[in-house]
Structure formats: structure tokens, C-alpha cells
Amino acid sequence: MKPMLNTVGKSAFRVDAREKVTGKALYPSDIVMDGMVYGCTLRSEKPSAEITVDKSAALAYPGVLAVLTAEDVPGANHHGVLFKDHEVFSSGRIRSIGEPVAFVVAETAAIARQAVKLVKVEYKILPAVFDPREAMQSDAPLLHGDSNILYHYKLRRGDVEKAFEVCDVIVENHYETSMVDHAFLQPEAGVAYMEEDGTVVILVATQYPHFDREEIAEALGLSQEKVRVITTAVGGAFGGREDITVQIHLAMAAMKLMRPVKTVYTREESFLAHSKRHPMYIKCRTGAKKDGTLYAMEAEIIGDAGAHASWAINILRKAGVHMTGPYVIPNVKVDSYAVYTNNPFTGAMRGFGAAQVPIAYEQQMDEIARKLNINPLELRLKNCFRAGSLTATGQLLEESVPLERTLRAAAQAISRSGEEAPLKAGKKRGKGIAAIFYGTGYGNGFPDVSRAAAELTEEGKVRVFAGATEVGQGAKTVLSQIAAEALEVSLSDVVLVCEDTRLTPDSGTAAASRQTYNTGNGIRIACEKLRIELQAFTAEVSEAQGNLLKHISLKDLYQAAIAKGRLLRSEAAFTARTSRMDDETGQGAPYWPYTFAAYGVEVEVDIETGKTDVLKAVCAQDVGRAVNPVLVEGQIEGGFAMGMSWTLHEELGLEEGRIKNRNFSKYIIPTALDMPEIESIIVEDPETSAPYGAKGIGEPVMLAAMPAILNAICDATGARITRLPASPQEIVKAMYGKERKAL
Amino acid sequence: MEIFLPVSVEEAVHRLESGKAKVLAGGTDLILALQKQEVHADYLVDLDRIAELRKIAISDSSVIVGSMVTFSALAGNPILKDKVPALWDMARSMGACQIQNRATIGGNICNAAPAADSAPVLMALAADCIVMGPEGERVIPMEGFLAGKGKTVLRSCELLTGFAFGLPGPGEGCGFAKLGKRNALAISTISCAVRIKAEGRRIIAADVFTGSLGPTASREKNTEAFLKGKDIGMLDTEQAAVLLSEEVEHRLGSRASIVYKRVAVKGVFKEAFRKAVEDVLKESMPDLGEGSGSK
């Protein structure tokens, strides 16, 4: 039975909608300050080299104020989310194209751009490696330390060898996923300035202001109290704003010049500056019994980390944990490797390793179904996770596992919907389904904490503090709705403050699909505590008046509290449940909770040009509970678009570590004309530990799109696409590859 | 940089005579090239204010399209939509709204990109390019106007003022199809325009031009020869497409892209041919049935 909810579950308008649609929202490139100067970054142009830098000519250029290089870094010349293996500026060894070498600051942006060309960099070329499979060999050029393999995750369950012997059907294939960019709308930009007390303030679009503060302070040799990060409006992130880009350069320049400093990257530079999605090479073998019971899986995953670790360990771990898909398989062996190469560094991107593996496991499910002549839906239903199932890591899924409902809903909706227009000559249509699961949160025992505070204001509103970033996903709205619900006040009485490290507690990163669940929980607890305090104080005031008080406004309550020298305020922290897995077997309970989804897709493929049009998508998404159904639909549509784009179009053209297509006329992402009709089906199954039952969905909404489209392409053409993107060329190759001459 | 804004063709031609000038005819390519310093000019001659170049004049038998007519204007013209659907189709599928609002058909032709969508269509329509120079007007057939990638036969102080072509008569039809990497804002990977003229059911003339399969749009003679004399509803389009595929492969030789393009060109041709047939048949006959395929 649904509890009575007043604000949660309603499609409230986004609290940031008005300022964004009217253009009032302040993105970093919109900020202008008196006396502001401009910086421009010089980046490495070779993938592996030793460099020497001569900045004298640039310094002498009229209008140039500073040329910052490694020697100017006041503190530690490094940053990095896991290892500190990024340099603020290269100190001599270059490991990839795009590493910052110098930051030229000048009176105008034009002068800075011109003077950057005057910084002389001499390259002594070193050997390089661009394929992670080659980088694993013992004779490969090394990037860091004594091996390019920076991580090996082992998952061991049951006895795979014996199990395959008794399987009636085995499918095996290799899959390759492309390196792609987040392609967020707003290229990196920021402004830094000094306050009179020596605090350096950085205005930047970031996913995690508190962690940025820590990294900036360390590089600047300052205490964190002297660094203040203010989050501007963020024009999309998707994981691409987790690693430092502009922050430290700007802070250094502002400190040195004592003037506001601004930088705005071009789209071309943005492609160079932030992380990319890990390309993965996946070998996978799945075995099943005659009746369709899945029995064994063996897989090897090799992920290209590029030149720096970023989140490679967590991503390849997540890939390994999710390799089986949302199915019970008693015998599993997975080896997942993160490997350095001289390619651009890869890092967090929506799906975080759990996005690549469905391309393998969900295509294998269809192949097994075809071999056994079982309906693909029936095969999935026979094996799918339910409450009480054990995952391959041995984790018990206790509750909120509505996978079967999502599968049935998606399959039913796609089977009854069909493109009604008659099929033209040369076209074929097909349908496909796919199911996924996704463990939200940091995982593997890493402390996953969200702090929050709430206080009654003089105006009788409740001000809520949480350092959670609105990256476009709707966090500000959803978190405000949760606060209003917990406080039993209307949404307009909640004022959420989330943009300033000086004002807000650390609520963790806007990543891992964790803000609704984790910070939502922190806010819910803080607000429930405040509500109880407000009720108790109301009773106290009422008692003092001989219990005559029927109603007291929050404004009057504030005045009554102040009169007594009391502040009505509460704080809370929420820590997600996660435990570290065994190093040798990968057994354990790494994530909680899990989110599930099943998508169905219909495509039309031109059998000569290979062009694929997605005609229809039905997306059945488990959400625990939808705090704001329209925002959930927005996430589903965006997630599907991103998944479709990766499946059909996106690929960074890499040539010896150089990205060739660094603009949107060559790096293809879809337009409105490419999008199909998307039917969102929200499946609710509230999770006890979640705020009003709501689980994270930001990443899960993307994951089923890729395999559902690939399965539909196969249904239409018979071609199995195992290498992304499924471009017209790939499809034509897959259809006619062997009989090319016969054309 | 100086920009001149002449109000007449004569004035524009006069401006072109005095120095290293570039003609600005919309600017969707030129401005980017100038920004990237790939193109250098002493000054620009912007044709924006010459009203007569923006006209579309349609008579009973012929059409004159001014060189400064935008793709939006072409796509918004109901008579072209009805009488010359290939041109209309091409205009509305080029780039996207914002590009169509600025880009002009004359600019598209003079920029002479191998992927220019308007080139195969104007060639198939047997358009004449009307050119004004210091010595007066001359006419150059569209098929002879392009001289290579980024090159035309225009002399340095000549101006392309428009295109003239006959309206397709009874039994005539024209179709255009293109393949891009997405449904909008995509440079054509392959484009194709087909014009046929039929007497009864027999094709008596066929013109087939492809784009993006060579330095300029090119006439595909073998395919044309095959189509000629065939029954419009009975001919084997697969055989025509295979001939085209071979013709293209012969021309492009060992380029890496040929592996895909030789297959894909068949699909693009078939769609253009199907549209041309529909155009022929739309007033004369009921559905002659391109069979509705099945999975």
C-alpha cells in the first residue's frame, strides 16, 4: 500500500527551470568581473615524450601577465581521483596528447591565445603503445611503474570448467566497444578570484566541489579553509567533470596576479581536456542447459585506461561485477583488467563499466535463446534476478528487484506496438529486448557518505544545506521534494543551498547515480529530525500558553525560538551499505541498492546502405519510487538517446593517441530528427533503505539501450554486431562481409 | 576586413574586378574557413542586398532560380514541391534549419565541395548556370561548371547569378536521395539524382548523377544506358544498381571507403530512382507497385 505522500511522487516543476529557459542561469562562461584577465592552456601534442619548455618569448609578448608551468606550482604538482597521477603541468614526461604544459594569462583572451603559440616545447619522442592488449605484454613501453596492468579484478564462483562440460549449449564471442566522449553541451570554463583574507575562490561547473577543494588546496599548498569552490550552473557532466581541468590553473593564476582570471575551452580543447569512456575488449562465453537454465559464464575484460588511472580500477571492477547481467549463473569466472596506454585518459562516464558489458551479455542471451529455440523473453524470465536471488558475487538481493515486471512490460509493449507504415523495398525491420542491472553508489566498501543540514529561517522557510551538484539530472528539484515531504511543508517553503563549499556540508559526488538515494537520505533524516524538533518546540510554546495554541506559523516559531536563544537546526549524515569484496574471489556485497531495467526497441535497417533508424523504444525502468515522474521520463529519454548514439554513431577516431574528430560535424551525435518515439514505463517497487523508496536511475536508464538496439538489428538482418558503433559500414560488413565479391 | 554590400549585379561585378575578393553568398562555409585562416581575402563582396538574386521565377515551361536563393526558400516553395520534387527534397534535407536559412544554392555550387547536395540535382535537371562578367552575360551548362574539388570554371571577376532549367514535362520525373551519418546536420556520404523521361511505359531518356563519389558530382553513363529503353515498372533495378556499383568502383579504385560505398550506392540509387518513377507516375497512372518488402 502506498503511504500518503504530499510532494514525493508529484511532477513538480524543476526548481531551476525558469532561470535555465530564460537564460538567466549563470554558467561559468557568462561570468565577467572587473579587472578580469584571461588564461589559455598549452597542451602536449605528442603521445609519449620528454619535453623541455621555454616560455621566454611568450612572457615577453605585450599583454601577457604570466606563463605558468610546472615550476610555478606552489604545492604538490599533481591531482587525481584515485592516484595522484595527473600533473597540474607536465614536469617533463608526457604520456598522452592533451596534457597541460603551460597556462598563459594575458589582458585579453586573444592575446592569451596568440601567446600560447610562442611557448616553445621541444619533444624527445619516446616509445608508445596504443592497444591495451599490446600494453599488457612484458616488452611493452611502460607508462607508470613496472607494469601497464594497473588492476585485475577476479570473480570466482563455482567451477566453470566442469560446468561448461555439462552445458547443452555454449555461445562465445568477442566484443569491442568504442572510446567515446561525454559531449556535454557546455565546454569547460571557470573564473577564479581572491578574497581579501587570502581565500581563493573558484567558480566552476563541477560534479564534486568538496573534492575539487581538496585537490586545489593540495596543489596550491593551502589549507582547505583558504579554498572556496562555488558551483555555477552545470551544462551537463555525465562523469566528464569528475577529474580536474580548469580549477587549479585558474586558482594559481588568481593567486599570482591577485586579479580575477577566466578561461573558456573551445569544443576542440574540451575533447582533449576531460576523460573518455573506457573502450573494452570483452571475450565472453556463456553456457546453458537444454531447458534454458544458465549454468556457466567465463569472461575476460580488458579496459583501456589511457595514460592516467582516473577511475579505471572502480570501472573495471564494476564491469566485472556486472558481467553476468541480471541473471543467476552458478558458475562464473571473470577476469577484468585495467591497462595503461598512451591514449587519452579514460574515466567516469554514465554507466561506469556497467555500460559496456550488457553489449556482450545481452547479445549472448539472444544467441542462446536462438540456439535453444526458446523465446528471448522466456529465457530471460527463467534466469532473471528476483528478490532472494544471489548475484555472481554471492550477494543476496533482499528486496526491490522488479526485474521480471520490467521485462514483461517492455516485451509486451514492444510486441504490440509496431510501425504501421508499409515497409519500403530494401528495408527490413526487427525488434529486440534487453535487460540490465546496476549497482548504485561508490561500492566495494568505500565510505559513501552524504551529509546534510536543515534550519528554520526568519521568513518561516526551511533552508536545507547539501553539497550536491545539480548537473542537469534534477537533483535540486528531487532533493527539495524529499525535504518538503520529510518536513511536511510545501515545496515552495524549502530553500536548497548546494553550490558553495563554504556553506554546505560534503554530500559526495554527483555520480554513481547516488544523489537521490544517498543525499536524499541525508536530507530526509536531517529534515525528519528538524520536523520532530519543530513539533516538540511547538508543544513547548503551546504548553507555556496553557495549551491554548492551536496553530503557530513557522515564522512565529522562529521568533519564539530566537527569543529563547535557540536555533532550530538539525544535521545528519547517511552512509550507504557497501562492503569490500574478497581480493581473490571477488565475493562480497559491493553495492546497494541495485536498479533494474528492460528496454524494447524496433529498428528499420536499409539492407544496402546499412543505415539504421530506431522507430520505437519502450523503456521499462525500475525506480524504487519515482520522486518526480516527469524528471524520471526525462532521464529515460536522455539515457536512451545517449545509448542509441553510442550504439549507432559515436566513436573517437584515434590515430596514435590523437583524436581526429574533435568537433560535432565529425563526432556524430544524434539530432531531434534521429530520435524515435520513446515510451517510458515507470516500475515502482520501493526500497526500504531509500528515501521514500527512491533508487538512483541516472546511469541505469542508459544501459539497456545498446543491446536492445543490437538485438533488434540482428532480428532484422541476421547480422550480429560485436563492435561498436553499429555504423552503416559495420552493418554492411556484417551482412555481406564474407561474400563481398558476390555483390 | 572590408565588406562591400553592392545592390546590383553590375556593382558586384565591378567590385570583383578590383583586387583579391571573396564572394559572400550566405557564408556557412566561407566564414568558418576565414576564421580558421584556410581562406584569405583582401575584402568580401556580400551579395545579400541584391534583391534580384533572391528570386525564383517559374513560368509554364521553365524555372529560373537566383544564386542567392536560400535552401529554406526552395524548401518553402509549393510549386517546386509539386513540379520539381527532387530539388525540393534536396533543399529540405540539406544541413538543418539554421543552415538552410543562410546557405544559398549559388554558394553551394561555387563552393564546389564534392558532397554538395545541389550539384547532382541541378545536373540531372540539365540546368544552365547564368554568369555575369565585365563583358556581359554568358551561360555555362551545369555539367561543365565544376572543375574539381573546390574549383569552378568561373573567371576571377565573374559572378554566378542563377540557374535556368526546363520544368519537367509529361512523362518526365526526377528523384533525389542522400545518405548521411544522421538525419540532419550531416554531410552526404553519397547522394544521387535520377531523371527519367518515359513514353508510355518505356524510358526514352535517363540521367543519373551521383555526389560524394569523386571530386565533383558525376554522370553515371553505364547506368543511364541500361535504363534507356526499359519498361518503367518492370525493369530490374537491382541490375541497374549493380552496374552503378561497378561504375563507381571503377572510378574510385582502391580507396578504403569503396568497400562500403560500392554497396551503399545501390541503396541510394534505388531510392532516387523510385522517387523519379513516382514523379513520372504521379499524374498519369495509379500505383505500379514497388513491392512492399517483407522481413
Sulfur and carbon atoms: percent of accessible area, the range A:449-575 [1.4 Å]:
51
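Ignoring ligands, DNA and RNA, what accessible area per residue does the range A:449-575 give at 1.4 Å, in Å²?
Working: 5110 Å² over 127 residues.
Computed with neighbouring chains in place, this is 40 Å² per residue.
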Averaging the inverse of every distinct alpha carbon separation and then flipping it gives the Kirkwood radius. What is it for chain A, in angstrom units?
27.1
Nearest-20 debye value, the range A:233-279 charge dipole, Cβ charges on Lys, Arg, Asp, Glu
120
When the distances between all Cα atoms of chain B are binned every 5 Å from zero, what whole-number percent does each bin get?
1, 5, 12, 16, 18, 16, 13, 9, 5, 3, 1, 0, 0
At the nearest 100 Å², what buried accessible area, both sides summed, do you get for B and A when the probe is 1.4 Å?
2300
Whenever you get a sec, compute what percent of the accessible area on chain B sits on carbon and sulfur atoms (1.4 Å probe).
51
Among the trypsin sites (Lys or Arg not before Pro) within the range A:339-395, which fall in a DSSP loop and have no more than 15 other Cβ atoms within 10 Å of their own Cβ?
A:Arg386
Whole number in Å², please: accessible area per residue of the range A:50-152, 1.4 Å probe, ligands, DNA and RNA not counted.
47
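Mean residue ellipticity at 222 nm from the helices of chain A, using -39,500 (n - 2.57) per DSSP H segment of n ≥ 4 over the full residue count, to the nearest 500 deg cm²/dmol? Before the final figure, lay out each step's value.
On the way: 19 runs with 200 residues, N = 743.
The helix-only estimate for chain A comes to -8000 deg cm²/dmol at 222 nm.
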If amide H atoms are built 1.01 Å from N in the plane of the peptide, which residues on other chains or at least 5 residues away come under 5 Å of the amide H of B:Ile204?
B:Lys197, B:Ala198, B:Glu199, B:Gly229
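How many Cβ atoms of partner chains, on average, are near each residue of B:175-188 if near means within 10 Å of its Cβ?
Values: counts 0, 0, 1, 0, 6, 3, 10, 10, 8, 5, 8, 5, 2, 0.
The mean count of partner-chain Cβ atoms within 10 Å per residue comes to 4.
Taking all pairs of different Cα atoms in the range A:449-575, averaging 1/r and flipping that mean, what Kirkwood radius in angstroms comes out? Intermediate results must be reported in sequence, preceding the final value.
Values: mean 1/r = 0.0676 Å⁻¹.
Its Kirkwood hydrodynamic radius stands at 14.8 Å.
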The farthest towards the positive end of the charge dipole of the range A:13-75, of the residues A:Val21, A:Gly63, A:Met36, given +1 on Cβ of Lys and Arg and -1 on Cβ of Asp and Glu, is A:Val21
Could you order peptides A:13-20, B:190-197 by the average number of other Cβ atoms within 10 Å of their residues, highest first?
B:190-197, A:13-20
Restricting the count to DSSP beta bridges whose residues both fall in the protein assembly as shown, what percent are antiparallel, rounded to a multiple of 5?
75
Using a 10 Å cut-off on Cβ atoms, rank the peptides A:216-224, A:95-103 from the highest mean neighbour count down.
A:95-103, A:216-224
From the square roots a ≥ b ≥ c of the eigenvalues of the alpha-carbon gyration tensor of the range A:499-544, which class results: rounded (a/c under 1.5), prolate (a/b over b/c), or oblate?
oblate
State the percentage of accessible surface on the range A:79-145 attributable to carbon and sulfur atoms; use a 1.4 Å probe and exclude ligands, DNA and RNA.
53
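Sorted by packing (mean other beta-carbon atoms within 10 Å per residue), highest first, where do A:325-337, A:357-369 land?
Final packing ranking: A:357-369, A:325-337.
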Amide H to amide H, which residues 5 or more places from A:Ala102 or on other chains are under 5 Å from it, using H placed in the peptide plane?
A:Leu42
Quick one: what are the phi-derived ³J(HN,Hα) couplings along the range B:56-73, Karplus 6.51/-1.76/1.60 with θ = phi - 60°, whole Hz, x for glycine and proline?
10, 10, 10, 9, 4, 10, 9, 10, 10, 10, x, 5, 9, 5, 7, 5, 4, 5
Top positive-direction residue, dipole computed over the range A:449-575 with Cβ charges, set A:Thr469, A:Phe574, A:Ser542
A:Phe574
With only Lys, Arg, Asp and Glu charged, each at its Cβ (+1 for the first two, -1 for the last two), find how big the charge dipole of the range A:52-134 is about the Cα centre; round to the nearest 20 debye.
120
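For the range A:94-235, what does the equivalent ellipsoid look like in terms of its semi-axes, each the square root of 5 times an eigenvalue of the Cα gyration tensor, given largest first in whole Å? Mind dumping the intermediate values first?
On the way: eigenvalues 385, 115, 61 Å².
They are 44, 24, 17 Å, listed largest first.
With charges only on Cβ, +1 for K and R and -1 for D and E, what is the dipole size of the range A:449-575 about its Cα centre, in debye, rounded to 20?
The calculation lands at about 120 debye.
For a 19 Å ceiling on Cα separation, which of these pairs sit above it: B:Lys197/B:Lys270; B:Lys181/B:Lys261; A:Lys333/A:Lys371; A:Lys84/A:Lys262; A:Lys611/B:Lys181; B:Lys151/B:Lys275? Before the final figure, lay out each step's value.
Numbers: B:Lys197/B:Lys270 17 Å; B:Lys181/B:Lys261 13 Å; A:Lys333/A:Lys371 23 Å; A:Lys84/A:Lys262 25 Å; A:Lys611/B:Lys181 8 Å; B:Lys151/B:Lys275 30 Å.
In this structure, A:Lys333/A:Lys371; A:Lys84/A:Lys262; B:Lys151/B:Lys275 exceed 19 Å between Cα atoms.
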Loop trypsin sites (Lys or Arg not before Pro), the range A:237-327 (other Cβ atoms within 10 Å of the site Cβ: 10 or fewer; DSSP)
A:Lys290
Taking alpha-carbon centroids only, the range A:475-517 lies from the range B:57-86 a number of Å equal to 56
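The values are calculated or read from the model by the stated rules, or taken from the named source; none is laboratory data. It should be emphasised that the depicted structure is a prediction, and the values quoted were computed from it without experimental measurement. Glycine also receives a Cβ, built like all others from the backbone with ideal geometry; neighbour counts cover every protein chain displayed. We work out accessible area using only protein heavy atoms, side chains counted, and drop any ligands, DNA or RNA first. Shrake-Rupley method; radii C 1.70, N 1.55, O 1.52, S 1.80 Å.
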